[in-house]
Amino acid sequence: MPPVDCARWTTTLTASYLAITAALIAILGNGVPGRVWLLAAHLTLSGALLILNLARPSAGILRVVRDWHPLLLFPLLYKEVELLAPVVGDWRLTAAIPVWESALFGGQPSLYLS
């Protein structure tokens, strides 16, 4: 059985998330500030990640980007939820999640990472 390429699965998952989020922004995102730029960024990143995934770089900067892109994108995508959550719906958990984070982490990870 061939080994599982975790970087490939992670890249596919990230590209899928970006494409699905782009579709939600296009359909429901009339109230999202900078909607056009956000949509363009999501589609561009998703496409670039899929191309990178097909290329399967074995060394160099492209390999580093492929391996580390989730950690590089995490703070941006985490902060983006603040813009997108009110558009998708009135989530009652939006106020509760920072309280849970404070209890679990002893503070706000989003502030530490920003």
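Equivalent-ellipsoid semi-axes for the stretch 30-98 (Cα gyration tensor, √(5λ), whole Å, largest first): 30, 15, 8. Placing dummy labels 7 Å off each Cα toward the beta-carbon, the span from Val65 to Ala103 is 4.2 nm. Here the calculated FRET efficiency for Val88 and Ser16, from their Cβ-Cβ distance with R0 = 25 Å, stands at 0.90, rounded to the nearest 0.05. For Arg56, the amide hydrogen comes within under 5 Å of no other amide hydrogen, counting only partners 5 or more places away or on other chains and with H modelled in the peptide plane.
Counting only Cβ charges, +1 for Lys and Arg and -1 for Asp and Glu, the dipole size of the chain around its Cα centre is about 280 debye.
Label-to-label distance, Tyr112 versus Ala41, with points set 7 angstrom from Cα along the beta-carbon direction: 2.4 nm. Ranked by solvent-accessible area (1.4 Å probe, protein heavy atoms only, all chains present), the residues Phe74, Phe105 order from largest to smallest as Phe105, Phe74.
The angle separating the long axis of helix 61-88 from the principal Cα axis of greatest extent in the chain is about 20 degrees.
Across the stretch 97-103, computed HN-Hα scalar couplings (Karplus, 6.51 cos²θ - 1.76 cosθ + 1.60, θ = phi - 60°) run 4, x, 5, 4, 4, 4, 5 Hz from first to last residue, x flagging Gly and Pro.
Here the Karplus curve 6.51 cos²θ - 1.76 cosθ + 1.60, taken at θ = phi - 60°, turns the phi angles of the stretch 26-42 into couplings of 5, 7, 10, x, 4, x, 7, x, x, 4, 5, 5, 5, 4, 4, 5, 4 Hz, with x standing for Gly and Pro. Model label points for Ala26 and Tyr78, set 7 angstrom from Cα along the Cα-to-Cβ axis, are 2.9 nm apart. Measuring with a 1.4 angstrom probe and ignoring ligands and nucleic acids, Val64 comes out at about 80 Å² accessible.
The values are calculated or read from the model by the stated rules, or taken from the named source; none is laboratory data. Predicted model only: the values in this text are computed from it and were never measured. Ideal geometry is used to build each Cβ from the backbone, glycine not excepted, and the neighbour counts take in all protein chains shown. Just the protein is used for accessible areas: all its heavy atoms, side chains included, with ligands, DNA and RNA removed. Shrake-Rupley method; radii C 1.70, N 1.55, O 1.52, S 1.80 Å.
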